[in-house]
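Note sheet for the following structure.
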Amino acid sequence: MKLSKFLLRYFPPGIALEYVSDGILEKKMIDLFHLTPSTKLEELVQDIMKQQPIVTERVKSQLLASLKKLQKKLIEEASRKYILHKSMHHVLPVTNVVFSKEGNRCLTGSFDRTCKMWDVDSGELYLTLDGHNNVVYDVSFNLPYSDRVLTASFDKTACVWNSDTGERLLTMWGHEGELVVIKYDNSRQHVATGSMDQTARVFDINTGLELWMLDGHKNAIIRLEYSNDGRQILTGSFDSKVFLWDVNSKRIITKFIGHKKPITNCKFNFDCSVVATSSLDGTVKLYDLKTTKCRSTIYHGEDVLDMSFDSTGKKLVTCGTDGICKVWNVECNISPTATLLGHEAEISQACFSPGGVMVLTGSNDGTARLWNSVTGDCCQVLTGHTDEIFSCGFTYDGNTIITASKDNTCQLWKARSGQKEQEEGVNNKTNVTTSLDFECTGTMSV
């Protein structure tokens, strides 16, 4: 076996070894979920070399340099401050926002029945996707490619658009109620939609044909998630239940029925070993997917409106109608690690920064806030909206934040010191480091 390159995955931290074995190019992923700004890298290098004989003394210095790059991302993230870059306008309130994989474009859906695509660097309008007859409630790119835009509307249809020209390529029919969620499965060329008609449906993104109706909930489906490998789907409903579906057999694997009030979110962690569900009953439940049993119940307090894992799946953030956000260690013994206090109204969304050092929250008090996820300190208040904020998020590199409001606007915020990392990739005669984005999410054995 001959080592060719180290491939860096920034979020969650990891290094892939690219090597040649029997003439075939292979990769082996090494997850570094416990890497922190204070990790002693010399010791980490020794541990990796012991476990991976293919990493020899000859490339030790390159491995150390690679680890320093990963660690630098976490250090920079903790010190970032953001300034308002651009305000973007719809005629009516914005519903949802999402960035492309590269972070150079973003989508906004609106009550004005349009989806708009914006250039993130300039803040200028790139395309207006006009064709729905009612509210465009959810929007998405077909990550990681981002050459298609997906829209879900209250007009009971979903559409696929060309992200370069704005041409509507397909309209997907079949639902009998408003569509509120749309997701793309990057491994199977499928699109899944969730609706107020109590069903979810899977369509072929190339033909628009319906492939499968997920029928079984007794109330509106408001959340839907694919597992990373595309083999499973989660659906969360106002009927207080979350279902786990097998894509191949098109059957329900299990029903998570522990909540007493409507579901507000459901998520897989990074390696899809755990499912988290949140509810208006004030709790978040964690289910082990090997046993499908509830392993923990987190008591947030009042109604939980949103929750999210960090990129490693080791931490969870919860927020609710009490205006309080909490960070939890969910790796082993469940414990709260920080309480984020400062908002003056309910918090509708909360998410971690790519490296997990910060938490971003959007609130009905018209502000978004950045918090230190370890200490709970408020690092920055993002002001400027005149009505409630109900959607917010980071680009993959963490250099840009978007906030969306009922005031008909979205705001782009840029990191003051955010600089895109320039990565080089050359053969192992000199340097064996190159970049690897979040497409590499599994472990490949030798």
> Non-local amide H neighbours of Tyr10 (under 5 Å, H modeled in plane, Pro and chain starts lacking H): which ones?
Replying inline: Leu436
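In segment 2-77, carbon and sulfur make up what percent of the accessible area (probe 1.4 Å)?
Values: 1900 of 3620 Å².
So the carbon and sulfur contribution to the accessible surface is 53 percent.
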> Near the amide H of Trp212, under 5 Å away, which other amide H atoms are found, from residues 5 or more places off or on another chain, if H is placed in the peptide plane?
Replying inline: Val202
> If you line up the long axis of helix 41-51 against the longest principal axis of the chain, both from Cα atoms, how many degrees apart are they, to the nearest 10?
Replying inline: 80
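When only Cα pairs under 8 Å and 6 or more residues apart are kept, what is the percent relative contact order across the chain? All intermediate terms of the calculation are to be shown ahead of the outcome.
Numbers: 1234 pairs, mean separation 61.6, N = 446.
Relative contact order comes out at 14 percent.
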>> What do you get for the angle between helix 60-78 and the principal long axis of the chain? Use alpha-carbon atoms, 0 to 90 degrees, nearest ten.
In response: 30
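May I ask you to derive the relative contact order of segment 2-77, considering only C-alpha pairs under 8 Å and at least 6 residues apart, and to give it as an integer percent?
On the way: 86 pairs, mean separation 20.5, N = 76.
Relative contact order here is 27 percent.
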> If we sort 289-299, 86-96, 374-384 on the protection proxy, mean other Cβ atoms within 10 Å, highest first, what's the order?
Replying inline: 86-96, 374-384, 289-299
> Once the whole set of protein chains is in place, how much accessible area is left on Glu167, using a 1.4 Å probe, in Å² to the nearest 10?
Replying inline: 110
> Leaving out ligands, DNA and RNA but keeping every protein chain, what accessible area does Asp197 have, in Å² rounded to the nearest 10, with a 1.4 Å probe?
Replying inline: 30
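Could you calculate the FRET efficiency of Cys294 with Glu344 from 1/(1 + (r/R0)^6), where r is the beta carbon distance between them and R0 is 41 Å, rounded to 0.05? Don't skip to the answer; put the middle values down first.
On the way: r = 34 Å, r/R0 = 0.82.
Efficiency, from the Cβ-Cβ distance: 0.75.
Which net charge results for the neighbourhood of Glu388, defined as the other residues with beta-carbon distances under 9 angstrom from its beta-carbon, given Lys and Arg at +1 and Asp and Glu at -1? Mind showing how you got there, number by number?
On the way: positive: Lys406; negative: Glu346, Asp365, Asp387, Asp407.
Residues close to Glu388 contribute a combined charge of -3.
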> How large is ³J(HN,Hα), in whole Hz, for each residue of segment 221-228 in order, when computed from phi with the Karplus curve 6.51 cos²θ - 1.76 cosθ + 1.60 and θ = phi - 60°, using x for Gly and Pro?
Replying inline: 8, 10, 9, 8, 9, 8, 6, 4
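So, R0 is 30 Å and r is the distance between the beta-carbons of Ile252 and Val381; what FRET efficiency does that work out to, to 0.05?
Numbers: r = 44 Å, r/R0 = 1.47.
Step by step, r from the Cβ atoms, then E = 0.10.
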>> For Asn265, what residues show an amide H to amide H distance below 5 Å, using hydrogens built from the backbone and excluding near sequence neighbours?
In response: Ser278
> When the Karplus curve 6.51 cos²θ - 1.76 cosθ + 1.60 is applied with θ = phi - 60°, which whole-Hz ³J(HN,Hα) does each residue of segment 256-266 get, with x for Gly and Pro?
Replying inline: 8, 10, x, 7, 10, 9, x, 6, 10, 6, 8
>> Counting heavy atoms of the protein chains only and a 1.4 Å probe, report the per residue accessible area for the chain as a whole number of Å².
In response: 42
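The values are calculated or read from the model by the stated rules, or taken from the named source; none is laboratory data. Not measured: the values here are computed from a predicted model. Positions of Cβ are backbone-derived with ideal geometry, glycine not excepted, and every protein chain shown enters the neighbour counts. For accessibility, only protein heavy atoms count, side chains too; no ligands or nucleic acids. Shrake-Rupley method; radii C 1.70, N 1.55, O 1.52, S 1.80 Å.
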